[in-house]
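Below is one structure, written out as structure tokens; comments come after it.
The values are calculated or read from the model by the stated rules, or taken from the named source; none is laboratory data. Just so it is clear, the structure is predicted and the values come from calculations on it, not from any experiment. Methodologically, a virtual Cβ is constructed for each residue, glycine included, from the backbone with ideal geometry; neighbour enumeration extends over all protein chains shown.
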Amino acid sequence: MPSFDLILAADCVYFEPAFPLLVQTLDDLASRGKPEILFCYKKRRKADKRFFNMLRKKFNWAEVDSSSYPHAPTESCGRFR
């Protein structure tokens with residue numbers, strides 16, 4: 001499988017039983033290089049917080065200020081590496 005420079009995900013956090021699989025998939029894809037992962041989401045429930053805590057165990061995280069992007073959604077965005 002090829003390596004990636006960027007992985008973009010949006011609205012992927014809604015089915016809590018799949019959280020471990022999503023984290024593992026992102027980890028597998030990131031292990032093939034050093035991609036930047038941009039993850040946009042709407043803060044909805046406590047389960048979302050659990051998902052991002054799982055991601056933080058494997059990745060470095062920084063919040064992205066979406067106000068500097070004219071067409072950015074109102075959701076929150078994070079950058080993982």
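For region 37-67, a tally of residues being within 12 Å of the chain's Cα centre (by Cα), modelled with pLDDT under 85 and over 23 Å from Pro17 (Cβ atoms) returns 4. The set of residues in region 46-67 that are exposed (fewer than 12 other Cβ atoms within 10 Å of the Cβ), of a type in the set (Lys, Arg) and in a loop (DSSP other than H, G, I, E, B) contains only Lys57. Just so you know, in region 8-23 the residues that are in a helix (DSSP H, G or I), over 9 Å from the mean Cα position of the chain (by Cα) and not aromatic (Phe, Trp, Tyr) include one that is nearest to Glu36 (Cα to Cα), and it is Leu22. State yes or no: is Glu16 among the acidic types (Asp, Glu) and in contact with a helix residue (DSSP H, G or I) (Cβ under 9 Å, 6 or more places away or on another chain)? Criteria met by Glu16.
Considered as a group, the residues in region 11-36 that are of a type in the set (Val, Ile, Thr) and at pLDDT 85 or above include one that is surrounded by the fewest Cβ atoms within 10 Å (Cβ to Cβ), and that residue is Thr25.
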